[in-house]
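First comes the structure, then the notes that go with it.
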Amino acid sequence: MHDTRLPATVPLVVDLDGTLIHSDLLWEAIVLFISRRFLRIWILPLWLFLGKAGFKAKLAAAVTIDPAALPYDRVLLAEIAVQRALGRCIVLATAAQQGHALQIAAHLQLFDLVLASDEVLNLAAGNKARRLVALYGEKGFDYIGDASADVPVWQCSRGAFSVARIPFRLPDGRHTQLAGSRRARWAGTLLKTMRPRQWLKNLLVFVPMLAGHALSRANLLQALLAFAAFSLCASSAYLLNDALDAQNDRLHASKHTRPIAAGTLPLPVAMLASPLLALLGLALCARDSRLLSVVAVYLGSTLCYSLWLKRMLMVDIVALALLYTLRIIGGAASTHTAPSFWLLAFSFFIFLSLATLKRHSELATLQERGEEHSRGRAYTTLDRAPLGILGINCGLLSILVFMLYFNSDNVLVLYRSPIYLLGIVPLLALWQGRLWTLSFRGLVHEDPILYVSKDPFSLAIIGACAALTLAASF
């Protein structure tokens, strides 16, 4: 807050949603309800008949929000602390439900009074303005808000402050002054949350066409369609998963910077964009019933993963491996190329190894921070050893499957000089051994697929394997 001319006797009133926190408590409660009680989601529309105040009261009774896991405006908190030290009365006035508001006030220890919605009155806009005028009189308080709904309150306040990027013009000709941190546009953060870098995984749809030596213009176009459909559905899943995981992510050492967790991407935007992307992905492959079926199964599986499977010991790892394999099946369906048993077996074991590597690396990071339990997951740091054993063995099994494939009839049909394929075996062993060694050292700090995409050594191994495959084909 930049206006220090106002006397310390004037109370400072602070809004909560979008102001004190970079989020909306109503949407936080809705997302928590969906995450924990998905099978009862049908009851939410029925609660709307109780009115907004009644709806908030029902949600507050159904879910508990952790005040420590909210995206606070740290700049604004510091400014409020300064004003409190000057002797000002600090008031939290919010349309959020009273129980949640009181929990937040108790956590922050900054407020002398809390005004919030109850089962009857939704304390927003005009209702909030009338309550504050009744308590402090016209122009008897300063107010910090963030949206057009706060205009009636600013109009009655002496000092009008806003965290919005652009100042508001009030009916009396005044403009709001900046307080806290200026809010940024969210269009760019939406694209970031869609994680286009993760679309690299969807290149797997091209594998059946290449492995089956069925490269043609028609197949390439079909594979590109499958790539687009899987990418849109994957982005839909990332948005939903980040929304459902927001509270856990905010307490994570690195994930707290994700746009939804940080509050730079509004929850309602993410929750609306997620189904729209999924529908668009399904629409792209609507004319191909086989591809549509696989994409629908993939989409349903990612939903189950986000809601339940990711919290189940080992189930989450197997589910991730199957989601990778579904991409290969989708590529086969789009190009009408039958995936061989060898390809599916190899992909399952190698991706099971990489999915285990992901959890193993996360636990290594957790151990470095002196923590034991992984929030939102079923693992502790004691699980590093068994996960390492499982992951290494799965990697070796994938190499064994490749060696057995080398002795199959398929090789003689597809390759003129199959002897070159033998060179891939030591390269796979070298690559996987190095990845797991680095994981045990705690040096793999992200999704293994993304790590590999930036690791020169891994890229060299992949290039060498591709060269040997080409040499075997001619």
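The values are calculated or read from the model by the stated rules, or taken from the named source; none is laboratory data. This structure is a prediction, so every number in the text was calculated from the model and none was measured. Positions of Cβ are generated from backbone atoms using ideal geometry, with glycine treated the same way; all protein chains shown enter the neighbour counts. The accessibility values were calculated without ligands, DNA or RNA, using every heavy atom of the protein model including side chains. Shrake-Rupley method; radii C 1.70, N 1.55, O 1.52, S 1.80 Å.
Examine the stretch 73-96 for a residue that is under 25 Å from the mean Cα position of the chain (by Cα) and assigned to a loop (DSSP other than H, G, I, E, B), and state whether such a residue exists. Yes, there is a match, as at least one residue in the stretch 73-96 is under 25 Å from the mean Cα position of the chain (by Cα) and assigned to a loop (DSSP other than H, G, I, E, B).
Residues in the stretch 296-308: is at least one modelled with pLDDT under 95, under 30 Å from HIS336 (Cβ atoms), out of contact with any Pro (no Cβ under 8 Å at 6 or more places or on another chain) and part of a loop (DSSP other than H, G, I, E, B)? No: the stretch 296-308 contains no residue that is modelled with pLDDT under 95, under 30 Å from HIS336 (Cβ atoms), out of contact with any Pro (no Cβ under 8 Å at 6 or more places or on another chain) and part of a loop (DSSP other than H, G, I, E, B). Could you tell me whether any residue of the stretch 198-214 is without any contact (Cβ under 8 Å) to a residue 24 or more places away in the chain, open to solvent by 40 Å² or more (accessible area, probe 1.4 Å) and either not in a helix (DSSP H, G or I) or not polar (S, T, N, Q) (or both)? Yes, because at least one residue in the stretch 198-214 is without any contact (Cβ under 8 Å) to a residue 24 or more places away in the chain, open to solvent by 40 Å² or more (accessible area, probe 1.4 Å) and either not in a helix (DSSP H, G or I) or not polar (S, T, N, Q) (or both). Taken across the stretch 246-264, residues that are outside any helix (DSSP H, G or I), crowded, with 17+ Cβ neighbours inside 10 Å and among the aliphatic types (A, V, I, L, M) do not occur at all.
Selection of first residues in the stretch 303-314 that are open to solvent by less than 50 Å² (accessible area, probe 1.4 Å) and of second residues that are modelled with pLDDT under 90, restricted to Cβ pairs under 6 Å at least 6 apart or on distinct chains, gives an empty result.
The lone criterion from (1) more than 27 Å from the chain's Cα centre (by Cα); (2) under 30 Å from SER293 (Cβ atoms); (3) open to solvent by 40 Å² or more (accessible area, probe 1.4 Å) left unmet by ALA345 is number (3).
If a residue must be surrounded by fewer than 17 Cβ atoms within 10 Å (Cβ to Cβ) and β-branched (Val, Ile, Thr), how many such residues does the stretch 161-182 contain? Number of matching residues: 1.
Among the residues examined, ARG158 does not qualify as more than 20 Å from LEU92 (Cα to Cα) and open to solvent by 60 Å² or more (accessible area, probe 1.4 Å).
Yes or no: THR193 surrounded by 16 or more Cβ atoms within 10 Å (Cβ to Cβ), within 23 Å of LEU77 (Cα to Cα) and polar (S, T, N, Q)? When the stated conditions are applied, THR193 does not pass them. Beta carbons closer than 9 Å, at least 6 apart along the sequence or on distinct chains, pair a first residue in the stretch 398-416 that is farther than 14 Å from ILE350 by Cβ and without any contact (Cβ under 8 Å) to a residue 24 or more places away in the chain with a second that is crowded, with 18+ Cβ neighbours inside 10 Å and among the small types (Gly, Ala, Ser) for VAL411/ALA472.
Condition first: over 30 Å from GLY159 (Cβ atoms) and either surrounded by fewer than 22 Cβ atoms within 10 Å (Cβ to Cβ) or touching a Cys at 6+ places or on another chain (Cβ under 9 Å) (or both). Can you find one or more residues in the stretch 69-80 that meet it? Yes, that holds for at least one residue.
Residue-by-condition table, conditions (1) of a type in the set (A, V, I, L, M, F, W, C); (2) over 22 Å from ASP172 (Cα atoms):
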position	(1), (2)
LEU108	yes, yes
ASP118	no, yes
ASN127	no, no
LYS139	no, no
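Candidates in the stretch 12-55 are the residues that are surrounded by fewer than 21 Cβ atoms within 10 Å (Cβ to Cβ) and touching a strand residue (DSSP E or B) at 6+ places or on another chain (Cβ under 6 Å); of these, the one that is modelled with the highest pLDDT is ASP24. Which of the residues belonging to the stretch 269-289 are assigned to a helix (DSSP H, G or I) and either surrounded by 15 or more Cβ atoms within 10 Å (Cβ to Cβ) or of a type in the set (Val, Ile, Thr) (or both)? Of everything in the stretch 269-289, those that are assigned to a helix (DSSP H, G or I) and either surrounded by 15 or more Cβ atoms within 10 Å (Cβ to Cβ) or of a type in the set (Val, Ile, Thr) (or both) turn out to be VAL269, ALA270, MET271, ALA273, SER274, LEU277, ALA278, LEU280, GLY281, LEU282, LEU284.
Out of all the residues in the stretch 368-382, which are free of Cβ contacts under 8 Å to residues at least 60 places away in the same chain and either of a type in the set (Lys, Arg) or assigned to a helix (DSSP H, G or I) (or both)? Once the filter is applied, which keeps residues that are free of Cβ contacts under 8 Å to residues at least 60 places away in the same chain and either of a type in the set (Lys, Arg) or assigned to a helix (DSSP H, G or I) (or both), the stretch 368-382 yields THR381, LEU382. For the stretch 440-452, the candidate set comprises residues that are open to solvent by less than 40 Å² (accessible area, probe 1.4 Å) and touching a residue at least 24 places away in the same chain (Cβ under 8 Å); within that set, the residue that is nearest to GLY391 (Cα to Cα) is PRO448. Quick check on my filter: what residues within the stretch 82-129 are small (Gly, Ala, Ser), farther than 18 Å from GLU28 by Cβ and open to solvent by 40 Å² or more (accessible area, probe 1.4 Å)? Within the stretch 82-129, ALA85, GLY87 qualify. Evaluated against (1) part of a loop (DSSP other than H, G, I, E, B); (2) in contact (Cβ under 8 Å) with a residue 24 or more places away in the chain, PHE348 falls short on exactly one condition, (1).
Scanning the stretch 130-148 for residues that are in a helix (DSSP H, G or I) and open to solvent by 20 Å² or more (accessible area, probe 1.4 Å) yields a total of 7.
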